[in-house]
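A short worksheet on the structure shown next.
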Amino acid sequence: MEQRHLGRTGLRVSRIGLGTLTWGRDIGEEAAAEQVKTFWEAGGTLVDTADVYGGGEAEYLLGRLVGGLVPRRDLVIATKAGSVPDRDRRFDGSRGHLLDALDASLERLGTDYVDLWQVHAFDPATPLEETLQALDLAVSSGRARYAGVSNYCGWQLAKAATWQLAAPGVRTRIASTQMEYSLLQRGVEREVLPAALDLGIGLLPSSPLGRGVLTGKYRDGVPADSRGASDAMAAFVDPYLDEAAGRIVDAVVTAARGLAVTPLEVALAWIRDRPGVVAPIVGARTSAQLAAALSVEALSLPEEICRALDDVSAPVHRYPDQDWSTL
């Protein structure tokens, strides 16, 4: 699998990442092991997790597999901290919480360091410089090699990255931002992606298949064995089952038929090759599903297909996102 630099850093990662959102909840150790083996054998390196996935079980499962099944040096392990199970405060970006969470993640993962440590979300109750200092301490102590953020809007990302760049050699540069991005959700193109491109930050798209909808499996209803039919994930899938999404899915299916590939491959190839994208993070229920996603490595979409998909999924960008002189 092709490797790409993560933002303006020396870290290289596979251009498809393996996600672990459902590990420890829907995915047990045997299935997780099969996925890691399939991913590694295909040349994949980037495995993304978080301290809250499966209540910590996702990190624990990954830790049990690293070293025995796959050499630690062959993986780029990325995890996140900052989400908390508190109704009154969903995110805690305080220095104390983040560093404690990192130590707990390292223990569950069974490793001395993570390759990429990400703040899971912006915490408006904590001064941003305090949150960012936790990243500096994590890297300077060797517990994290690189640092990133997740779910930061445009101004939050630009402010954080600029603050870090203001003291080179002292503060840790922001290497990446992880955001939802797909043909069904192109909101990051308004401000997040332009900021990332300007500041040398790599984008790691989550839900690159539109929460599974872009595979085309929901065109004739909700399959009984799908995430959309589960109590835990139905509300997650439902926003992308409307008429507007249906038109985009139809276009993906048409393109797939013309290219003799699957809708999954078309949707994943489109997002993988967007400007600023480093590695879409793909989650799967089975190793067979994962293998199907990894088969996209050989596919490059023709320019006319990309233009057609761009047009059918184009978000509305008006003032001030668009150059005012063109309005």
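The values are calculated or read from the model by the stated rules, or taken from the named source; none is laboratory data. Quick caveat: nothing in here was measured; it's all calculated off a predicted structure. Don't worry about glycine lacking a Cβ; one is built from the backbone with ideal geometry, like all the others, and counts go over all protein chains shown. For accessibility, only protein heavy atoms count, side chains too; no ligands or nucleic acids. Shrake-Rupley method; radii C 1.70, N 1.55, O 1.52, S 1.80 Å.
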_For the range 83-98, give me each residue that is open to solvent by 30 Å² or more (accessible area, probe 1.4 Å) and either part of a loop (DSSP other than H, G, I, E, B) or within 23 Å of V66 (Cβ to Cβ) (or both)._
V84, P85, D86, R87, D88, R89, R90
*Does D112 meet the test of being part of a loop (DSSP other than H, G, I, E, B), within 24 Å of P280 (Cβ to Cβ) and either charged (D, E, K, R) or free of Cβ contacts under 8 Å to residues at least 60 places away in the same chain (or both)?*
no
*Mind listing whichever residues of the range 4-35 are of a type outside the set (A, V, I, L, M), surrounded by 17 or more Cβ atoms within 10 Å (Cβ to Cβ) and either out of contact with any Gly (no Cβ under 8 Å at 6 or more places or on another chain) or not in a strand (DSSP E or B) (or both)?*
G7, T9, R15, T20, T22, G24, E34, Q35
*Taking V84 as the residue in question, decide whether it is of a type in the set (V, I, T), modelled with pLDDT of 95 or more and closer than 24 Å to A147 by Cβ.*
no
*asked:* For the range 246-265, give me each residue that is out of contact with any Leu (no Cβ under 7 Å at 6 or more places or on another chain) and open to solvent by less than 40 Å² (accessible area, probe 1.4 Å).
replied: G246, V253, A256
_I need a count of the residues in the range 274-288 that are out of contact with any Lys or Arg (no Cβ under 9 Å at 6 or more places or on another chain), over 20 Å from S150 (Cα atoms) and open to solvent by 30 Å² or more (accessible area, probe 1.4 Å)._
2
*Does any residue in the range 135-152 that is farther than 21 Å from S206 by Cα come within less than 6 Å, Cβ to Cβ, of a residue that is polar (S, T, N, Q) and open to solvent by 10 Å² or more (accessible area, probe 1.4 Å) six or more places away or on a different chain, and which pairs are these?*
L135/T172; D136/T172; V139/T172
*Considering residues of the range 111-161 that are aromatic (F, W, Y) and crowded, with 20+ Cβ neighbours inside 10 Å only, the residue farthest from G187 (Cα to Cα)*: Y146
*Among the residues of the range 183-201, is there at least one that is in contact with a Leu (Cβ under 7 Å, 6 or more places away or on another chain) and not aliphatic (A, V, I, L, M)?*
no
*Picking from P320, P275, which residue would you name as being touching a residue at least 60 places away in the same chain (Cβ under 8 Å) and either closer than 18 Å to R190 by Cα or not in a loop (DSSP other than H, G, I, E, B) (or both)?*
P275
*Within the set of pairs 6 or more residues apart or between chains, which connect a residue that is within 11 Å of V316 (Cβ to Cβ) inside the range 182-195 to a residue that is part of a loop (DSSP other than H, G, I, E, B) and acidic (D, E) with Cβ atoms less than 8 Å apart?*
R190/D321
*When residues of the range 36-58 are limited to those that are open to solvent by less than 30 Å² (accessible area, probe 1.4 Å) and of a type in the set (A, V, I, L, M), the one farthest from W23 (Cα to Cα)*: L46
